[in-house]
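Asks: Have a look at the structure that comes next, please.
The values are calculated or read from the model by the stated rules, or taken from the named source; none is laboratory data. This structure is a prediction, so every number in the text was calculated from the model and none was measured. As a convention, Cβ positions derive from the backbone with ideal geometry for all residues, glycine included, and neighbour counts pool all protein chains shown. Accessible surface areas use protein heavy atoms only, side chains included; no ligands, DNA or RNA. Shrake-Rupley method; radii C 1.70, N 1.55, O 1.52, S 1.80 Å.
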Amino acid sequence: MKELIKRNINGRKVLLLFILTNIVYMIMLTITIPKVMSYSGGMNLPDMMPAGYDAEYIRSLFNSLGEKGRNAYLFIQLPVDMIYPLLFGISYCLVLAYFLNKLGKTESPLFNLCFLPLFAGLFDYLENFGIIAMLNSYPGNSVILTQVTNVFSVLKSLLTTIYFVVLIICFILFVIRKLFQKSK
């Protein structure tokens with residue numbers, strides 16, 4: 001897997017994947033999520049709750065959404081969110097690999113941090129499948145299903161946060177290295 005990543009850290013490829021990923025993300029942030037939230041009475045969707053939620057919150061949310069809101073979630077937001085985790089995992093894996101390559105760290109154990117967005121994407125898929133199951137079983141949602149889905153949501157958020165901290169550090173080190181090289 002590491003060799004596959006190393007073979008694909010071409011700057012142009014990384015940039016194109018990054019742009020495509022963020023176009024899909026912007027579609028979710030500006031179109032699909034607001035569409036679903038227009039039915040929610042101001043309640044956040046579980047996808048947007050990094051600290052998690054409980055069964056009572058989901059029950060209240062799904063009640064607030066009503067049938068139209070739940071259908072919008074199931075048939076508008078979630079189909080787009082089934083594309084995003086794959087794009088996120090691949091493009092952000094390659095973005096970090098690109099900077100680690102520029103820092104000469106592709107043979108370092110630090111290179112394993114490139115897997116963080118892939119795991120975050122996996123947990124995003126598991127979260128999505130849980131949300132789909134909860135929407136399809138409404139109003140008979142299982143507390144256990146909600147708790148398991150919540151764990152996936154929190155793990156997705158945690159890994160994403162760790163990833164972005166690592167990426168910012170690598171980017172800062174990259175900029176410092178570039179500035180130091182120019183001053184020589």
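Asks: For Thr160, indicate whether it is touching a helix residue (DSSP H, G or I) at 6+ places or on another chain (Cβ under 7 Å), in a helix (DSSP H, G or I), touching a residue at least 12 places away in the same chain (Cβ under 8 Å) and not basic (Lys, Arg).
Replies: Yes.
Asks: Which condition number does Lys182 fail, the rest of (1) in a helix (DSSP H, G or I); (2) of a type outside the set (Asp, Glu); (3) touching a residue at least 12 places away in the same chain (Cβ under 8 Å) being met?
Replies: It fails just one condition, (3).
Asks: Take Leu110 and decide whether it is hydrophobic (A, V, I, L, M, F, W, C), surrounded by 20 or more Cβ atoms within 10 Å (Cβ to Cβ) and without any contact (Cβ under 8 Å) to a residue 60 or more places away in the chain.
Replies: no
Asks: Here is a follow-up. Give the residue, chosen from Phe111, Phe123, that is of a type in the set (A, V, I, L, M, F, W, C) and within 17 Å of Phe174 (Cα to Cα).
Replies: Phe111
Asks: Please enumerate the residues belonging to the stretch 58-101 that are of a type in the set (Val, Ile, Thr), assigned to a helix (DSSP H, G or I) and open to solvent by 10 Å² or more (accessible area, probe 1.4 Å).
Replies: Within the stretch 58-101, Ile76, Val80, Ile90, Val95 meet the criteria.
Asks: Test Leu145 against the criterion of being assigned to a helix (DSSP H, G or I), at pLDDT 95 or above, among the hydrophobic types (A, V, I, L, M, F, W, C) and in contact with a Ser or Thr (Cβ under 8 Å, 6 or more places away or on another chain), and give yes or no.
Replies: yes
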